[in-house]
Amino acid sequence: MVAAATLGQDDLRDRITLTNGRTITGRLATPHAAEELLVMQGGKRVRVEVAKVKSKRLVADQMIEFFKRRDQHGASRRARKYLVDWANTNGLANMAQLQALELVLQDDTDADMHRFLGHRLRNKRWSWPHAGKYLTLQKLKDSLAKTPMRFAGERFALRCDAGLLTNLHALLDLERLGVTWFEQFGKDLNLNEVLKPIEIQTYRNEIEFPKWGFRPRPYFEPPPHNDLGHTFYAGSQPKRPEDLFFLGTHGLLYRTLIGEGNQLDSRGRVCAWLEVGLSMHMQKTMQGPPGFAAPSTLRDVDLDAMTALGRSYRITHIVHLPMYGSFYMTDDSATAINWSAAAMFTTWLLAEKKADKTRPQFLKYIRTALADRQGDSSTTFDRIMGKPIEQYEEPWRAWLNKVAGN
């Protein structure tokens, strides 16, 4: 229904102006590179020395501005209609369409937004394009179970089999997650830009959801296998898909930092505990009403700290946990402890307000373990963190007890 922006030769939305006055257009793949930038022009790669760059106008910056304006506009329909025009004229055609879709899904009589989206007025009812046909909104909704709808944003695309407005809001929240991910970690981790949307598929309930283990739990399948994230809605009136931000972050990790997963094993991951830990860290970071997610103080950390304290294994065991066997295969207390331990060890190592300043070294470790594919090597952890992992046992446990309220 919403066509993705052209990602080939025609996607020249990033503009880099050099000190000699020359302008280079394309998509900047390495926005935080220290010495040399890589600009993609379709199949052509253009390398630019950072020292010769005078200024940059990037899609990423426009995305920051889009959400700044959206937050300011809030519930004002008039202001959000202006945002459609702003996004469309500032290189964010897909975001303009998503904003227009929200408006018509909230008010089916908005003729301006229907026309903007290419809908047709027939017998005083608007018809929507879907699967090669034009359907009334009700018929479109009825067809979703057999023919899911795909919404395309900038860094994410979402396919759904029900709940158009709820899923549209989920995609807007994923896009805000992408902005937050780059704001919090882009420079420190030297992240690559997302030049092709990360595909997410939602299911109307856990029965339709193709679970990956005993318990229905969202999961991401990295390339070269499926390159797709799966989640579902739970409960009678769900506001968001389950673990939406966990899933989106896992996709971002593979697109911006890791690259491809294990070529031979679809269950293999580069560093399972770290992938789970970082993804759950962002799951706890993103909060707010549907469609207006924003970073905030971490939530539910006391419960996870209490669960992590139930760990019977030594801290050295955490870095060697396999993804499927330790986080998905079974539904028991040991699995719950693994999830909480990975999440809370990551959050503790990232924390800035504590006596042991581990964040700078931990960021280097993340880059080495994931981008440089050192994986779950405890030797790598010890070397980069500056001391054996065993020495973190006591201070981490003390922090867990404090957070848990013990």
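The values are calculated or read from the model by the stated rules, or taken from the named source; none is laboratory data. In this text the structure is predicted, and so the values were computed from the model without any measurement. Cβ coordinates were reconstructed from backbone atoms using ideal geometry, including for glycine residues, and neighbour counts include every protein chain displayed. These accessible areas exclude ligands, DNA and RNA; they are computed on the full protein's heavy atoms, side chains included. Shrake-Rupley method; radii C 1.70, N 1.55, O 1.52, S 1.80 Å.
Among the protein heavy atoms, those of Phe156 account for about 0 Å² of accessible surface (1.4 Å probe, every chain in place).
When the C-alpha to C-alpha distance is required to be over 22 Å, the pairs from Lys56/Lys196; Lys44/Lys196; Lys68/Lys354; Lys353/Lys387; Lys211/Lys364 that qualify are Lys68/Lys354; Lys211/Lys364.
Once the Cβ-Cβ distance between Glu49 and Asp372 is put in as r, and R0 is 25 Å, what FRET efficiency do you end up with, to the nearest 0.05? Numbers along the way, then the final one.
Details: r = 24 Å, r/R0 = 0.95.
The computed FRET efficiency comes out at 0.60.
GNM remark for the chain: springs join alpha carbons under 10 Å apart, and the peak mean-square fluctuation among Lys364, Lys211, Lys387 falls on Lys387.
On a per residue basis, the chain carries 45 Å² of accessible surface, using protein heavy atoms and a 1.4 Å probe.
A simple rule links phi to the HN-Hα coupling: the Karplus curve 6.51 cos²θ - 1.76 cosθ + 1.60 with θ = phi - 60°, which for region 91-106 gives x, 10, 4, 5, 5, 4, 5, 4, 5, 5, 4, 4, 5, 6, 6, 8 Hz, with x for Gly and Pro. Each Lys and Arg Cβ is given +1 and each Asp and Glu Cβ -1; about its Cα centre, region 159-207 then shows a dipole of about 80 debye. Overall form of the chain: oblate. Here a/c, set by the Cα gyration tensor axes a ≥ b ≥ c, is 1.5 or more, and a/b is not larger than b/c. Take the alpha carbon gyration tensor of region 328-382, find the square roots of its eigenvalues, order them as a ≥ b ≥ c, and report rounded if a/c is under 1.5; if not, report prolate when a/b exceeds b/c, else oblate. Cα axes put region 328-382 in the oblate bin. Here the accessible area of the chain is 47 percent carbon and sulfur, with a 1.4 angstrom probe and all protein chains present.
I want the local charge near Glu206. Using Cβ-Cβ distances under 12 Å, sum +1 for each Lys or Arg and -1 for each Asp or Glu among the other residues. In short, +2.
Can you tally the net charge around Val194? Count Lys and Arg as +1, Asp and Glu as -1, for every other residue whose Cβ sits under 11 Å from the Cβ of Val194. That sum, taken over residues with Cβ under 11 Å, equals +1. Given +1 at the Cβ of Lys and Arg, -1 at the Cβ of Asp and Glu and no other charges, the dipole of region 226-353 around its Cα centre is 200 debye to the nearest 20.
Among the trypsin sites (Lys or Arg not before Pro) in region 61-138, those placed in a DSSP loop whose Cβ has at most 15 other Cβ atoms within 10 Å are Lys124.
At the residue level, Ile337 shows approximately 30 square angstrom of accessible surface with a 1.4 angstrom probe and all protein chains present.
For the chain, the longest principal axis of the C-alpha atoms and the axis of helix 333-350 are separated by about 90°. Using only the Cα atoms of region 1-149, build the gyration tensor, take square roots of its eigenvalues as a ≥ b ≥ c, and label the shape rounded, prolate or oblate: rounded if a/c is under 1.5, else prolate if a/b is larger than b/c, else oblate. Note, shape of region 1-149 comes out prolate. Rolling a 1.4 Å probe across all protein chains gives Ser143 an accessible area of roughly 30 Å². Remark on Leu28: its backbone amide H falls under 5 Å from those of Asp14, Met40, a criterion applied only to residues 5 or more positions apart or on other chains, H modelled at 1.01 Å from N. Computed from the C-beta positions of Arg122 and Phe292, the FRET efficiency with R₀ = 35 Å rounds to 0.55.
Secondary structure note: in the chain, about 80% of the DSSP beta bridges are antiparallel. Applying the Karplus relation 6.51 cos²θ - 1.76 cosθ + 1.60 with θ = phi - 60° to region 149-155 yields 3J(HN,Hα) values of 9, 10, 9, 10, x, 9, 9 Hz, where x marks Gly and Pro.
Of Gln106, Leu172, Leu264, which is farthest towards the positive pole of the chain's charge dipole, taken about the Cα centre with +1 and -1 on the beta-carbons of Lys, Arg and Asp, Glu respectively? So the residue furthest toward the plus end is Gln106. Extending 7 Å from Cα along the Cβ direction at Thr379 and again at Ala355 yields two label points whose distance is 3.3 nm.
In the chain, the longest principal axis of the Cα atoms and the axis of helix 59-73 are about 80 degrees apart. Helix 164-189 and the longest principal axis of the Cα set of the chain meet at an angle near 50°. Cross-link partners for Lys124 among the aspartates and glutamates, with Cα-Cα distance under 17 Å and sequence neighbours closer than 8 places in the same chain left out: Asp107, Asp108, Asp110, Asp112.
For region 265-275, backbone phi angles converted through the Karplus equation (6.51, -1.76, 1.60; θ = phi - 60°) give residue-by-residue couplings of 10, 5, 8, x, 10, 5, 8, 4, 4, 6, 5 Hz, Gly and Pro being listed as x. For the residue pair Asp265 and Ser143, what label-to-label distance in nm results when each label sits 7 Å from Cα along the Cα-to-beta-carbon direction? Rounded to a tenth, the inter-label distance reads 4.4 nm. Residues of region 226-264 falling in the label zone of Asp61, defined by backbone nitrogen less than 15 Å from a point 7 Å along Cα to beta-carbon, are absent. Spacing of the modelled spin labels on Asp188 and Asp107, each 7 Å from Cα toward Cβ, amounts to 4.2 nm. Simple point charges give the picture: +1 on the Cβ of Lys and Arg, -1 on the Cβ of Asp and Glu, and for region 1-150 a dipole about the Cα centre of about 380 debye.
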